[in-house]
Amino acid sequence: MIEQHLANGLMLGAIYGLIAVAFTMVYGIIELVNLAFGEIFMSGAFVAVTLSATAVVLFGTVVPMPDLPFWLALPLAVVFAAILGGLIERIAYKPLRRAPRLAPFISAIGVSIFLQGLGQSIFGTSETPFPNPVGGPPIIIGNVRVQPLSVLILVIALGAMAALALLVRSTPIGRAMRASAQDPDAATLVGINVDRIILVTFMLGSALAGLAGILYGANFGFAHYYMGFIPTLKGLVAAVLGGIGNIPGAFLGGMVLGIVESLGAGLVPGGAPYRDAIGFAILTILLWLRPQGLLGVRLRERA
Amino acid sequence: MLRVADLHVHYGSIEALKGIDLEVREGEIVALIGGNGAGKTTTLKTISGLLRPTSGRITLWDRDLTQVPAYRLSHEGIVHVPEGRRCFPRMSVRENLLLGAWGRKTDVSADLGRVFSLFPRLAERSNQVAMSLSGGEQQMLAIGRGLMGRPKILMLDEPSMGLGPMLVKLIFQLITEIHEAGATILLVEQNARMALAIADRAYVLESGRMVLEGAASDLAQNPAVRRSYLGEK
Amino acid sequence: MRIPRVPRPLRPRVLTSRRQLGAVLDRRGLLLLGLVAIAAPVAAPSDFFVRIFILALIYVVLSSGLNVVVGYAGLLDLGYVAFYAVGAYYTSILTVRVAIEGWGISPQDLWWLFFLDLVVAGLLAALVGVLLGYPTLRLRGDYLAIMTLGFGEIVRIVATNWVDLTNGVAGIRGVPLPAVDGYVLRSPVLLYYVVLGLAGLAVFGISRAVRSYVGRAWIAIREDELVAEVMGIHAQRYKLLAYAFGAFYAGMIGVFFAHLQQYVNPQSFTFWENILLVALVILGGQGTIWGPALGAVIWTVAAGTALSVPFVQQHPETRFMALGLLVVVAVIFFPKGLLGGRKLRLEESSANGSEEAAADRQQARGAGEAGVDPGRFLSLPAPDPNGVLLRCSAISASFGGLQALKPTDLEVRAGEILGIIGPNGAGKTTIFNVITGVVPRRTGEIRVGEHVVGRVRPSAITRLGIARTFQSIRLFREMTVLENVMVGAHMRMRANFLSVLWRTGHARMQERTAHREAEELLRYVGLWEYRAAEAGSLPYGFQRRLEIARALMTRPRVLFLDEPAAGMNPTETDELGSLIRRIRDDGVTVVLIEHVMRLLMEVSDRVVAFEQGEKIAEGTPAEVQANPLVIEAYLGPES
Amino acid sequence: MRLISRLGVLLVGAAVVAAACQGGGGQKFTIGFGGTLTGEFAAFATNMQKGAQLAIDEINAAGGINGVQVEMISVDDRGEPKEGPVVAQQFCDNKAVSVVLGYSFSSVALPAVPIYDQCQMPVLASAVTSPKLSGSSKYFHRNVPTDAYQGAQMGEYAAKILGLKQIASLHQVDDYGNGVTEAFENAFKGAGGEIVSSDGYQLGTKDFLPILTNVQQKNPDGIFIGGFYPEDAKIAQQARGLGMQQPILGTDGAANPELIQLGGDAVEGLVFYATFDPTIDLPAVKKFVDAYKAKFNEEPNSWAALAYDAVYTVKKAAELAGGNSRDKIQTGLGMVKDLPGVTGTTTFDQSGDRAMKLLFIAVKDGKFALAEKQP
């Protein structure tokens, strides 16, 4: 039974991990906790489900849709999420580059509230069904059953994370991202267009958040304008668990959180209603023991 | 080659530069000296685009640079090695240097070799992260990173700051070497004595205004300069 | 007929408080604001608006309380609503579940419990604040935010699921309305006046706290925790105080909320509420007294009146879309909040030609003329028998395997100027850091006089008479020059927190003394004219001097200066040299790290040279300069 | 300073303007509608709102209530208890409002009740089922039966009619879920059944695998869910995904066509009870369903139906008492007896609750239909 709980947690953790990586990337470059990822997450799910339907109700009227296959709708929705993220960056964060630290955070909250309202306006208050894109019988390994979709989610999430980590570590654009993060003025002086790098980082993060939203929606069979809130909070917790600013750490944090939640909700008697508290309790204990997170590096106080 | 005309810069309501003129000719070392808050760093930051002037013109070979965004200027050949070195602390020496050539695809490894031969200390440490280097090494890295940008004009801001006497000497020696290899240099220095010793010409900046200019050797003899900046009583 | 003005006594408020207030609110303004507040429910066209005003005032208390934590102490707290919940649940459980249901007491006979609970629940919330704050003390910035968020959620989830205590989501019903001697305050207008009283109390208490040395300590921690610590502020204790003080008001208003609603359930204490409160604080202007209150009023009234707009009634989600947009727009145009970012600058300070300021100046000048000796504040204890003030034996330090300082002996003798030289990375600053407790020492012993220094916080070491400056200038940039210096008096402020709130004679006198001393020290270093300027706006060389003045304000026995001449030109360097000598002549021992040899060799009585974490030479300047090791490692030939 | 005093003037000014806007009317019969119209759980109130609006449109077309046209003012309470008294006060202050409908959450209704009490405003709620509201005020009525009543009916149905012996119960942790499940479990045990496990989950939970993995170990012969349709659909899907084929029982929270859209094949065979069945072959129901579909482009659910009936109940009350004032409506509501509607007949008992017969409905071939076995 514990194997089943582990398998359950792994899939959930992969989704948390994706959001955590999104948070970590953006945090790494401009130290902003972009709470609007919740709504980008939501937009990813909605765009994917909308594109793969024959018709949808938007603003209360029926609109015909292209009925695309999932494998085509998914990348399009990810691109949409990236563009939305980029727009948000340009409109709501870029003017605040030199403002006090909390200002962009509050702006992010504003964006989040706004997009939630917009989501409600467009898609209504009911959950929109998200058909399972990968049917078929469950895969049975020993006494563990997993949905084919869960396996796919795990593979996509791991792939996206690895590609991104590689991008940041070993490509010129990744080098420019790190340089812009560590010293934006010096980066400008060597000729890096820091604003553009920030935009690219936002779009990459948003693509991940959108991807996470699609996978989440597909897995639980729905899309809803409020769907991003809780998973995003979890993703943020995961990012901190892993040591915010650290990409593999964030993904690991997501995995840990997913597994701990599943085990806690499943194995602790009466634990299910406390599952959110379990995650936070773990976080609290970990931060107390290791304030820099799992893989974070403690920066020495400059003096 | 580089010409600054009637440059005004404001920080909020405070006018930091009150209309300065400055010229650097090809192959020169020009020193810019002055007290704290005189506007030396502001001048460099404005030339390199980090600050926007309120009015005035900056031209390089008659090309107006005043409206060019900061990140383009290094591609135009204006390379600024900022005060306090500003290496990318958690990146390796090699990565720092590679970033100096950002946006250029050709001859990068050849340039890297040249910088390493100029600063053998950096070659030894090419895989260390910048924050683990000593102050002198970081200054070399900052200058090396600047050279990777193939500057037409290299602007150095306080390269000797916070370094011990021996290192200061070494850095000035290196600057001379770079200059002899053909670089044009605009040097801001607190250490006026050393700066005037290696410069061809110099400017003296006081509270946002140019008060003196001339050949470095002349200025080094100027009684006012000797009193204010060379520490003679 | 003209009546000559009698110069008023020096009032520290004048210079310090206004800037902190954000918006200048004088006595007349306060009176007017009070009148508007009192008239509001009467002027309101219907009880509906009174209900909205009541909510607005609840949020005024919450955002002002949170402002203590976020705005002043700089601790981003996303779980503040938990304290509000503690207050609401405490009074509900006690009143309904224990007293009414358990003991069968009639609600009419319990009216006094509400008033008692306001205080008790406040204290309880403060206690919870300390308990929750304790494990977060080591965390900084965003980690702290996430952890407080976690705490907030845990409290809410427990309140939801611990059904036996809290009745779960169903909540506790039947909490009696506030009443006075059995007369139930049923009318919204009366309830409004109750909450107005509470809000007034909260804003008043908070404004008193932040305009005292406690407030300065909070701001200092916000600006630079390490430096605050080095100024003798026990940072952890003051952070906990901020948590507790902020939590007190949340707990208090939670009690009112429960009795107003006659009902509590966990839905009132969601994460959204936390986000909202932080947004109100930031929008209004964090670190200003009236900003968060203003933010709360605007938000609540706007969101509430929107309920009456037909368009919003048909499209309710537009209410929040509009608020979201508003937040974005407000932040972009007022990134420091509506009332933030109005700072007194250099020019304004001289233009601050009010009579009060003039009186101040005159008073201060008078004091100077009366022959006050600046050195008086630098009073020294008697030097110890061997003439050694500070003795380090075999101290060492290492970071991540790298031994930055090998076991080293160092003594500092009373009344000397000790110079320390060496190349970068030789361990000079590390020695400072080890002695001042900023970096833990691995081995060795430090004695100050006869006293053996344990492994203690930097603030405890400052208390032993050791002060320092930093290589890269670390001022409290958003404070004025004067406030910066006054922070140095922290250790001498003995009035406890309650007497600060009460503003007892003792507290006032202490504040006045600190103010006067700070002004005189500023004159001592030649910065008096700039006392009202924001520290960050000073030219570089002045900032160095201000840092020295601030360090001197702690009345040290030994002053450690870390490269004070870096970036100064020869003239400034010479002036610095004479200041250092004067400080020594006034009785403070000086330890000086410097690369500028002309300065160091001129002023030092003794010089110690370091290389690669080891002491390589020690002696008179001439001896050290001639030492071949030093020449090889540092000075180079021909020096 | 000037800023603040100006602001004060501004606020008072805004209040005056808003109040002026608010007055108006007088010649209309105004219904206040309070509910959670935004946020995660807005669907319940928007459904009620639509049902009520449909009824109002019909009544207006037919000449109104006592000859007066009807209008509805909707106010969003965002599901926040603190908004409860504010919204209530808004309705109380607006003299045109003579009755209040709606309410999504008991936790918002509870703090509002004392305010309605003070201004003697009759309330007829349609979605709040907490037993705590029973008898909370003589002005508070609802046309939805309490959880206790409904849950118990289901418990007996499961044991006696369906013949289930061992049931794993899941419930959402709140008033509704706790209440209905407790009643269910007691009735089921009273009828000889066994509850093998009882797990709670938060409203809005998406991932039920931890609970279901445990339930699977117990191998019950039925699963009961005390919750709403979004969770019902997810539980069913995830249970089927784990290979569990047991029958699933729901509550009236499942009575929403969305259940089938969201749950797909997984909810096939799910049995629940409801106050409303859109498939029932009655002319009034058919007329309602058709009109609703035509107007809103979707199937009505039981909240829409209850609110629809609530408006007609108010109309009847006004006619019985012979007036449109708050006072008359309050009196009239007490006089309503066996009023037929799309959810059956309406009569209020002493505590303002409605006694009614439940329908047992099953998902069959992707549609709602009366369950084969009825009590």
Expressed in whole Å with the largest first, what are the equivalent ellipsoid semi-axes of chain B derived from the C-alpha gyration tensor as the square root of 5 times each eigenvalue?
-> 28, 21, 16
What figure in square angstrom, to the nearest 10, would you give for the accessible area of B:MET131 with a 1.4 Å probe?
-> 110 Å²
Report the far tail of the P(r) of region D:148-274, meaning the percent of Cα-Cα pairs longer than 27 Å.
-> 6 percent
Might you report the magnitude of the Cβ-based charge dipole of region B:2-229 about its Cα centre, with Lys and Arg at +1 and Asp and Glu at -1, to the nearest 20 debye?
-> 520 debye
Would you mind telling me the share, in percent, of accessible area of the protein assembly as shown contributed by carbon and sulfur at probe 1.4 angstrom?
-> 58 percent
Exposure rank, largest accessible area first [D:ARG142, A:ARG90; 1.4 Å] = A:ARG90, D:ARG142
Could you pull out every one of the lysines with an alpha carbon less than 24 Å from that of C:LYS428, ignoring same-chain neighbours closer than 8 positions?
-> B:LYS169, C:LYS406, C:LYS615
So how strong a dipole does region A:155-236 carry about its Cα centre when Lys and Arg Cβ are +1 and Asp and Glu Cβ are -1, to the nearest 20 debye?
-> 200 debye
Among all helices in chain A defined by DSSP H, which have a length of 27 Å or more along the axis from Cα atoms plus a Kyte-Doolittle mean of at least 0.5?
-> A:2-30, A:102-123, A:148-170, A:194-220, A:247-267
Can you sort C:TRP111, B:TRP61 by 1.4 Å-probe accessible area, starting with the largest?
-> B:TRP61, C:TRP111
Per 5 Å bin, what is the whole-percent P(r) computed from every C-alpha pair distance within region A:16-160?
-> 2, 8, 15, 18, 17, 14, 12, 8, 4, 1, 1, 0
Given R₀ = 51 Å, FRET efficiency for C:ASP585-C:ASP164 by Cβ-Cβ distance, to 0.05?
-> 0.10
Take every DSSP beta bridge whose two residues both sit in chain C, then give the antiparallel share in percent to the nearest 5.
-> 60 percent
Using only the alpha carbons of region A:2-289, determine the length spanned along each of the three principal axes and report them from longest to shortest in whole angstroms.
-> 58, 52, 32
Averaged over every viewing direction, what's the projected area of the C-alpha convex hull for chain C? Give it in nm², one decimal, please.
-> 35.5 nm²
Based on the Cβ-Cβ distance of D:GLN217 and C:TYR134, what FRET efficiency does E = 1/(1 + (r/R0)^6) give at R0 = 45 Å, to the nearest 0.05?
-> 0.65
What does the accessible area of D:SER134 come to, in Å² to the nearest 10, when a probe of 1.4 Å is used?
-> 40 Å²
For C:GLU611, A:GLU127, what's the largest-to-smallest order of accessible area, 1.4 Å probe?
-> C:GLU611, A:GLU127
Across the residues of C:419-425, average count of Cβ atoms on other protein chains within 10 Å?
-> 4
Exercise: per-residue mean of other protein chain Cβ atoms within 10 Å, A:276-288 | 6
Which of A:ILE278, A:ILE153, A:ILE40 moves the most in a Gaussian network model of chain A with Cα springs under 10 Å?
-> A:ILE278
List the residues of region B:1-39 whose backbone N lies under 18 Å from a point placed 7 Å from the Cα of B:LYS152 along the Cα-to-Cβ direction.
-> B:1-5, B:22-30
Charge tally for neighbours of B:LYS40 with beta carbon under 13 Å away, counting Lys, Arg as +1 and Asp, Glu as -1, is -3
Local electrostatic count at C:PHE83 - Lys and Arg +1, Asp and Glu -1, tallied over other residues with Cβ under 13 Å | -1
Other protein chain Cβ atoms within 10 Å, averaged over every residue that makes up C:254-262 | 2
Ranked from highest to lowest mean number of other Cβ atoms within 10 Å per residue, what is the order of the peptides D:240-247, C:525-532, C:59-66, C:558-565?
-> C:59-66, C:558-565, C:525-532, D:240-247
In region D:26-69, which residues have a backbone nitrogen under 16 Å from the label point lying 7 Å from D:LYS287's Cα in the Cα-to-Cβ direction?
-> D:54-65
In range of the label at B:ARG193: residues from region C:588-603 whose backbone nitrogen is under 16 Å from the point 7 Å along Cα→Cβ = C:595-603
For chain D, modelled as a Gaussian network with Cα springs under 10 Å, which listed residue fluctuates most, D:ASN178, D:ASN214, D:ASN256?
-> D:ASN214
Could I have the simple spin-label model distance between A:LEU167 and D:ASN60, label points 7 Å from Cα toward Cβ, reported in nm to one decimal?
-> 5.3 nm
Counting only heavy atoms of protein chains, what accessible area per residue, in Å², does the protein assembly as shown have with a probe of 1.4 Å?
-> 36 Å²
Once you sort the root eigenvalues of the Cα gyration tensor of the protein assembly as shown as a ≥ b ≥ c, which label holds: rounded (a/c under 1.5), prolate (a/b larger than b/c) or oblate (the other case)?
-> prolate
So, with points 7 Å from each Cα along the Cβ direction, the B:GLU177-D:GLN27 label distance in nm works out to 9.7 nm
Provide the percentage of antiparallel DSSP beta bridges, counting only those with both residues in the protein assembly as shown; round to the nearest 5.
-> 50 percent
Among the lysines, which fall within straight-line cross-link reach of D:LYS234, defined as a Cα-Cα distance under 24 Å, with same-chain neighbours fewer than 8 residues apart omitted?
-> A:LYS234, D:LYS206, D:LYS218, D:LYS364, D:LYS367
Protein heavy-atom accessible area occluded, C/D pair - total, 1.4 Å probe, Å² = 4200 Å²
Under 13 Å, Cβ to Cβ, from D:LEU164 - net charge with Lys/Arg +1 and Asp/Glu -1 = 0
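The values are calculated or read from the model by the stated rules, or taken from the named source; none is laboratory data. Since we're looking at a predicted model, the values are computed, not measured. Note that each Cβ is placed from the backbone with ideal geometry, even for glycine, and that neighbours are counted across all protein chains shown. Accessible surface is based on the protein model in full, side chains and every heavy atom, while ligands, DNA and RNA are left aside. Shrake-Rupley method; radii C 1.70, N 1.55, O 1.52, S 1.80 Å.
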